[in-house]
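Worksheet: the structure to be examined is printed underneath.
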Amino acid sequence: MLASAPLGEPAPLSIAIDPESECRRLLRDYPRGGHDEMLAPDGTVRPAWRVFLDGLAALGPAGREAAQESTRRALRESGIAFNVYADPEDRRHAWRLDLLPVLLAEEEWSRIERGLAQRARLLDRALADLYGPRTLLRDGSLPPSLVLAAAEYVRPEVRPDRPDRRFLLLYACDLARTAEGRWVVLGDQCDAPIGNGYALASRVALSHGFAELFAATNTRRLAGYYQRLQETLLAASGRDDGRIVVLAGDPESPTWFSHAYLARYLGYSLVQGADLTVRDDLLYLKTLDGLQRVDLVVRKTPGHLADPLWLPGSGLAGISGLVQAARSGRVLIANRLGAGLAQGRALAPFTAGLCRRLLGEDLLIEEAPTFWLGDPAERRRALELGLPVLPATARNDPGAPVLPIDPTALSTAERAALAERLEREGHRWVAQRPIAFATTPSLDGDRLVPVPWAVRCFVALAGEDYTVLPGGLVRLAGAPTGVALPNGFGSKDLWITSERPPPPVPSLLLASLREVHLRRTGRDLLSRSADNLFWLGRYAERAEATMRLARSVLTRLREDGRVDVEPAILHRLLDLVLAKGPPPAESDARSLERLVALLLFAPRPYGLRETLDHVHRTATLVRDQISHDAWRMLNALHVDRRWRTAVGALPARPTLELLDDGIRALSAFAGTEAENMTRNWAWRFLEMGRRIERAIQLVDLVRLLLLERTDPENDGSLRLLLELGDSFMTYRSRYLTTPLAAPVVDLLLLDETNPRSAAFQLEELARHCRLLPSETPYRTAEQRLVLELSTAVQLADPVRLVTPDSAGRRGELALLLDRLARGLPLLSDVIGRTYFAHAEAAVTTIALQRREGA
């Protein structure tokens, strides 16, 4: 009997489970209909499922719940979602992974592998012909209007002198098993195959939750496929140390997580179009160390929108000059531009004939019935039958589904308009007969229920043929029939099982020393990554400062019933932050508790909720630069639903505990950054953002709690200032007195040994700025600015700063704070212009002139 808890989980406390009776209970009410992956037509359990089902029963309800929680936790820590920035409680963007995988026997999978490899060869040959000699158009194998009028047809790729080019290094195919048990193709993903990252993350999570069942079923691992993929891409790059990047679109795209996860797994840089530039037909990556040549691009963006100079309609989405760089052979794009011509169902009505024409073979996996609507007879037939219609090259990716038009759901006028449209542009459309999906078991509570499903399979070139990922991205359907890969109803992992243990596959992280060029610097940091790291430091520090402020106010209001600071000061302290956003309602402004609630939980600029969202957003974009532990700390803040409490009553004790938890998490992140990050440019920009924000926050606090107070030594302002500056215990260890103005100013502004002081932040900033990349032998703009601010602080006298003049004003302190308040934001701007926006020297000069004029 298998153990009753997944690996790494404590055994649940329950009575002993009888696996046989538990198995019968699980299967007792399981419906039988068409083809089911678990049950054969005679009601017996299929061989591929027997070991798994016995183990599932042996776990018992408590063990299954423990496995479910382990899987959920792994998914949360991965950050998997259709929108990585969205509220984790928003089900529209959540990734729902079913606890039970789909199990297929190795023998059956071998037949599917052969069919997928054949299909990849077929489509690659067809694309090579259509962009080469075009014999398929000349002999009538394909209608010219289907090809030449397609938006995905990239004319600059037409090279009749190059008929042997490879178009598909990567390929994905959407498959479904019908209720009769036949496998059919639902769609081809040729342009930019998407979804590998989701499949990887699902496998990691589920194999953690079901670690022992994963081993007991002899499930094939995925690493071997990705090793062969790496070898293929490296060989295609043409260099032993070729630079390979994954080109993705907008980070808010539903598929961004998949691209980011895949890039991290393979060890490639994840880039956007703005990170790349073409010079002299060479493609370069913009880094802080200058332009770095790129040899191969794994493209996850539409090929027909790749270059605004060559391809109409690209707008600003592409990379100027990319087409010419690819034509010159100085950069390889996977997949080659123009591969989208075979995307979706474009070639589906013709593949049987093409397979015999190009390969001399019959299709091993048949098509789902598809009709090209450029044929008048097929168009009339499809409209008469009311078949769903969709664009021939439509994508259908997780989180971004294709929506077929169902003529039977249209009004008479709408059907007429559809018929008229198809009359004009039917060559761009297909109709597809819905198929009835096979089912697979899903765990609903503590019972098994059948659910319809389909799967996206992934294929990669390996040598002269194609290799298939032994797994896939299973999507569940909300209806028993469909025309495309289901979307929006959950996902599963696909396990390919064997009677024998699979051969061991070495980790992707292992590499022989001869393949590695020794380096000790991270000088190839993307300018965009530096920007995000800088703001991650700022947002993390801003969030911690806001938490400390709210905790101090709530402690004085609720914890022990005392108020050792005037309420007006607390009001002014909250106004310091709230004034940066829209003014609160008059009813809220009168209540300190309501102001704290607005500051913590309302979605407003500079509020804590929005700041934490910014922390998560920037951390997501630089996950490859921070440690896994650091990511887990920040992601835990994002998924903690307590931070999304509705603005209303503010229970003191839970809120204070929440703030303590948040401060601990951010302090732990800062500690991890300090102890675990290599001292490269990534760390320096993260540190600089933190230092600038800390200094800005401190200047505002000193101005409010000391400069603007007439008697700060007696109204509690100085004690509060020390508390918010996290320096109260340091002060107590030095001075056995109540807080006095001069020692407080010295400790918080001038003391270079206090890591919370303004002087310490400026010293650290000066050190970092000296080590930033520079092409001038002179001090840079940011170095001069930091030197100016640091000198002003070093020359200040704490006693003179706090001594009021005859009018009761502390003029020297006001001047110093004004200088810091102007200089620190300007320093942030200068760093941004110089390193994040690829600014020219003239921009830096303008910034200096603006500062000197101010």
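The values are calculated or read from the model by the stated rules, or taken from the named source; none is laboratory data. None of the values given here were measured: they were computed from a predicted structure. Positions of Cβ are backbone-derived with ideal geometry, glycine not excepted, and every protein chain shown enters the neighbour counts. For accessibility, only protein heavy atoms count, side chains too; no ligands or nucleic acids. Shrake-Rupley method; radii C 1.70, N 1.55, O 1.52, S 1.80 Å.
Open to solvent by 20 Å² or more (accessible area, probe 1.4 Å), of a type in the set (Lys, Arg), at pLDDT 95 or above and under 19 Å from residue 540 (Cβ atoms): does that describe residue 690?
For residue 690, the condition - open to solvent by 20 Å² or more (accessible area, probe 1.4 Å), of a type in the set (Lys, Arg), at pLDDT 95 or above and under 19 Å from residue 540 (Cβ atoms) - is not met.
Return the residues of the stretch 60-83 that are part of a helix (DSSP H, G or I) and in contact with a Phe, Trp or Tyr (Cβ under 9 Å, 6 or more places away or on another chain); say none if nothing qualifies.
67, 70, 71, 75, 77, 78
Residues in the stretch 818-854 that are of a type in the set (A, V, I, L, M), at pLDDT below 90 and part of a helix (DSSP H, G or I): how many? Before the answer, list the steps.
Pass one, the stretch 818-854, residues of a type in the set (A, V, I, L, M): 820-821, 824, 826-827, 830-831, 837, 839, 841-843, 846-848, 854.
Retained after the next criterion (residues that are at pLDDT below 90): 837, 839, 841-843, 846-848, 854.
Narrowing the set further to residues that are part of a helix (DSSP H, G or I) leaves 841-843, 846-848.
Result for the stretch 818-854: 6.
Being more than 30 Å from residue 41 (Cβ to Cβ) and touching a residue at least 60 places away in the same chain (Cβ under 8 Å) narrows it down to one of 116, 186, 130, 99, so name that one. Explain how you work it out, then say what you get.
On the way: 116 fails: more than 30 Å from residue 41 (Cβ to Cβ); 186 fails: more than 30 Å from residue 41 (Cβ to Cβ); 99 fails: more than 30 Å from residue 41 (Cβ to Cβ).
Of the residues listed, the single one that is more than 30 Å from residue 41 (Cβ to Cβ) and touching a residue at least 60 places away in the same chain (Cβ under 8 Å) is 130.
Is there a residue in the stretch 54-65 that is open to solvent by less than 10 Å² (accessible area, probe 1.4 Å) and modelled with pLDDT of 95 or more?
No - not one qualifying residue is present in the stretch 54-65.
Tell me the residue from 394, 438 that is in contact with a His (Cβ under 8 Å, 6 or more places away or on another chain), assigned by TED's automatic domain parsing to the domain that holds residue 473 and closer than 21 Å to residue 485 by Cβ, please.
438
For the subset of the stretch 400-442 comprising residues that are free of Cβ contacts under 8 Å to residues at least 40 places away in the same chain and under 32 Å from the mean Cα position of the chain (by Cα), which member is nearest to residue 97 (Cα to Cα)?
It comes out as 403.
Which condition from (1) part of a loop (DSSP other than H, G, I, E, B); (2) touching a helix residue (DSSP H, G or I) at 6+ places or on another chain (Cβ under 6 Å) is the one that residue 371 breaks?
Looking at each condition in turn, residue 371 falls short on (1).
Which residue, of 398, 407, 369, is open to solvent by less than 60 Å² (accessible area, probe 1.4 Å) and touching a Phe, Trp or Tyr at 6+ places or on another chain (Cβ under 7 Å)?
Details: 407 fails: touching a Phe, Trp or Tyr at 6+ places or on another chain (Cβ under 7 Å); 369 fails: touching a Phe, Trp or Tyr at 6+ places or on another chain (Cβ under 7 Å).
Step by step, each of 398, 407, 369 is checked, and only 398 is open to solvent by less than 60 Å² (accessible area, probe 1.4 Å) and touching a Phe, Trp or Tyr at 6+ places or on another chain (Cβ under 7 Å).
Quick check, is residue 809 open to solvent by 70 Å² or more (accessible area, probe 1.4 Å) and at pLDDT 95 or above?
Details: open to solvent by 70 Å² or more (accessible area, probe 1.4 Å): yes; at pLDDT 95 or above: no.
For residue 809, the condition - open to solvent by 70 Å² or more (accessible area, probe 1.4 Å) and at pLDDT 95 or above - is not met.
Could you say which residue among 103, 142, 116, 99 is modelled with pLDDT of 95 or more, within 22 Å of residue 456 (Cα to Cα), in contact with a helix residue (DSSP H, G or I) (Cβ under 7 Å, 6 or more places away or on another chain) and open to solvent by less than 10 Å² (accessible area, probe 1.4 Å)?
Checking each option against the conditions leaves just 103.
Picking from 225, 261, 265, which residue would you name as being of a type in the set (Ser, Thr, Tyr), touching a residue at least 60 places away in the same chain (Cβ under 8 Å) and surrounded by fewer than 20 Cβ atoms within 10 Å (Cβ to Cβ)?
Being of a type in the set (Ser, Thr, Tyr), touching a residue at least 60 places away in the same chain (Cβ under 8 Å) and surrounded by fewer than 20 Cβ atoms within 10 Å (Cβ to Cβ) holds for just one of 225, 261, 265, which is 265.
If you check 705, 765, 772, 748, which single one turns out to be under 26 Å from residue 688 (Cα atoms), in contact (Cβ under 8 Å) with a residue 40 or more places away in the chain and in a loop (DSSP other than H, G, I, E, B)? Steps first, please.
Numbers: 705 fails: in a loop (DSSP other than H, G, I, E, B); 765 fails: in a loop (DSSP other than H, G, I, E, B); 748 fails: in a loop (DSSP other than H, G, I, E, B).
From the options 705, 765, 772, 748, the qualifying one is 772.
Report the residue count in the stretch 576-594 for those that are without any contact (Cβ under 8 Å) to a residue 40 or more places away in the chain and open to solvent by less than 60 Å² (accessible area, probe 1.4 Å).
Residues that pass the stated criteria total 9.
Counting just the residues of the stretch 24-42 that are part of a helix (DSSP H, G or I) and hydrophobic (A, V, I, L, M, F, W, C), which one comes out least open to solvent (accessible area, probe 1.4 Å)?
Applying the filter and picking the extreme gives 26.
Is it true that residue 333 is open to solvent by less than 20 Å² (accessible area, probe 1.4 Å), at pLDDT 95 or above and not assigned by TED's automatic domain parsing to the domain that holds residue 186?
Working: open to solvent by less than 20 Å² (accessible area, probe 1.4 Å): yes; at pLDDT 95 or above: yes; not assigned by TED's automatic domain parsing to the domain that holds residue 186: yes.
So residue 333 passes the test.
Taking the stretch 662-680, which residues are in a helix (DSSP H, G or I), of a type outside the set (Gly, Ala, Ser) and out of contact with any Asp or Glu (no Cβ under 8 Å at 6 or more places or on another chain)? Reasoning before the result, please.
So the first thing to find is which residues in the stretch 662-680 are in a helix (DSSP H, G or I), and the list is 662-676.
Add one more test, that the residue is of a type outside the set (Gly, Ala, Ser), and what stays is 663-664, 666, 669, 672-673, 675-676.
Of everything in the stretch 662-680, those that are in a helix (DSSP H, G or I), of a type outside the set (Gly, Ala, Ser) and out of contact with any Asp or Glu (no Cβ under 8 Å at 6 or more places or on another chain) turn out to be 664, 669, 675.
Can you confirm whether residue 172 is within 30 Å of the chain's Cα centre (by Cα), of a type outside the set (Phe, Trp, Tyr) and in a helix (DSSP H, G or I)?
Considered against the rule, which asks whether it is within 30 Å of the chain's Cα centre (by Cα), of a type outside the set (Phe, Trp, Tyr) and in a helix (DSSP H, G or I), residue 172 comes out as no.
Let me confirm something: among 707, 740, 736, 722, which residue is over 18 Å from residue 803 (Cβ atoms) and open to solvent by 10 Å² or more (accessible area, probe 1.4 Å)?
736
Give the residues of the stretch 419-442 that are under 25 Å from residue 479 (Cα atoms), open to solvent by less than 30 Å² (accessible area, probe 1.4 Å) and not β-branched (Val, Ile, Thr), sorted by residue number.
Passing the criteria: 429, 431, 432, 437, 438, 441, 442.
Would you point out the residue of the stretch 292-330, among those that are open to solvent by less than 30 Å² (accessible area, probe 1.4 Å) and modelled with pLDDT under 90, that is farthest from the chain's Cα centre (by Cα)?
This residue is 311.
I need a count of the residues in the stretch 615-648 that are without any contact (Cβ under 8 Å) to a residue 40 or more places away in the chain and not in a helix (DSSP H, G or I).
Qualifying residue count, the stretch 615-648: 1.
Could you please tell me which pairs satisfy a Cβ distance under 7 Å, a separation of 6+ or placement on different chains, a first residue in the stretch 727-738 that is not assigned by TED's automatic domain parsing to the domain that holds residue 758, and a second residue that is open to solvent by 100 Å² or more (accessible area, probe 1.4 Å) and outside any helix (DSSP H, G or I)?
none
I need the full set of residues from the stretch 145-169 which are open to solvent by 30 Å² or more (accessible area, probe 1.4 Å), of a type in the set (A, V, I, L, M, F, W, C) and not in a loop (DSSP other than H, G, I, E, B), in order please.
Within the stretch 145-169, just 148 meets the criteria.
If you go through the stretch 648-662, how many residues are among the hydrophobic types (A, V, I, L, M, F, W, C) and either at pLDDT 95 or above or crowded, with 16+ Cβ neighbours inside 10 Å (or both)?
Adding up the residues that qualify gives 4.
Anything in the stretch 311-343 that is small (Gly, Ala, Ser) and not in a loop (DSSP other than H, G, I, E, B)? List them, or say none.
At the first step, the residues of the stretch 311-343 found to be small (Gly, Ala, Ser) are 313-315, 317-318, 320-321, 325-326, 328-329, 334, 338-340, 342.
Residues satisfying the conditions are 325, 326, 334, 339, 340, 342.
Give the number of residues within the stretch 500-541 that are of a type in the set (Asp, Glu) and either crowded, with 18+ Cβ neighbours inside 10 Å or modelled with pLDDT of 90 or more (or both).
Within the stretch 500-541, residues that are of a type in the set (Asp, Glu) and either crowded, with 18+ Cβ neighbours inside 10 Å or modelled with pLDDT of 90 or more (or both) number 2.
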